[in-house]
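Here's the structure, in structure tokens; my notes come after.
The values are calculated or read from the model by the stated rules, or taken from the named source; none is laboratory data. Fair warning: this is a prediction, and the values are worked out from it, not measured in the lab. Neighbour counts are summed over all protein chains in view; Cβ atoms, including those assigned to glycine, are modelled from backbone coordinates with ideal geometry. For accessibility, only protein heavy atoms count, side chains too; no ligands or nucleic acids. Shrake-Rupley method; radii C 1.70, N 1.55, O 1.52, S 1.80 Å.
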Amino acid sequence: DFFFEFVPQVIFLLSVFGYLVFLIFFKWLTDWTAPCDPSGLVACEPPDLKAILIGMIMSPGSVPVKLTLYPTQAAVQAGLLVAAVVAVPWMLFPKPFILRAQHRRRSG
């Protein structure tokens, strides 16, 4: 139960909702009144966090400039999305086989 339910559930929740909490704090701690980044790699005004999460799932690996909070955001989001996608089958597939093996062991 621990390795095939709890661990993948924590990975999934942290990769989606934990990242959202990180984004909230990052957005709160950023001084949006400061002059813009001259390189143009980071947004000049606060981005919409809902749009960031939707974009993370709908177009992984690419972040529009107006939704960029930090330079390596696209890579981080792609990695978190891979972790979330891997966690789902990790949660769902082993449990029936484990229960079947336990049932067979008890019945004979």
### Task
Test each condition in (1) at pLDDT 95 or above; (2) open to solvent by less than 60 Å² (accessible area, probe 1.4 Å); (3) within 23 Å of Ile24 (Cβ to Cβ) for Pro89 and report the one that comes out false.
(3)
### Query
Just one of the numbered conditions (1) at pLDDT 95 or above; (2) more than 19 Å from Leu14 (Cα to Cα); (3) of a type outside the set (Phe, Trp, Tyr) is not true of Ala34; which one?
(1)
### Query
Can you name the residue in the stretch 66-79 that is farther than 20 Å from Leu14 by Cβ and of a type outside the set (Lys, Arg) and is also most open to solvent (accessible area, probe 1.4 Å) among such residues?
Pro71
## Note on the structure
Within the stretch 7-65, of all residues that are among the β-branched types (Val, Ile, Thr) and within 14 Å of Gly79 (Cα to Cα), the one surrounded by the fewest Cβ atoms within 10 Å (Cβ to Cβ) is Ile57
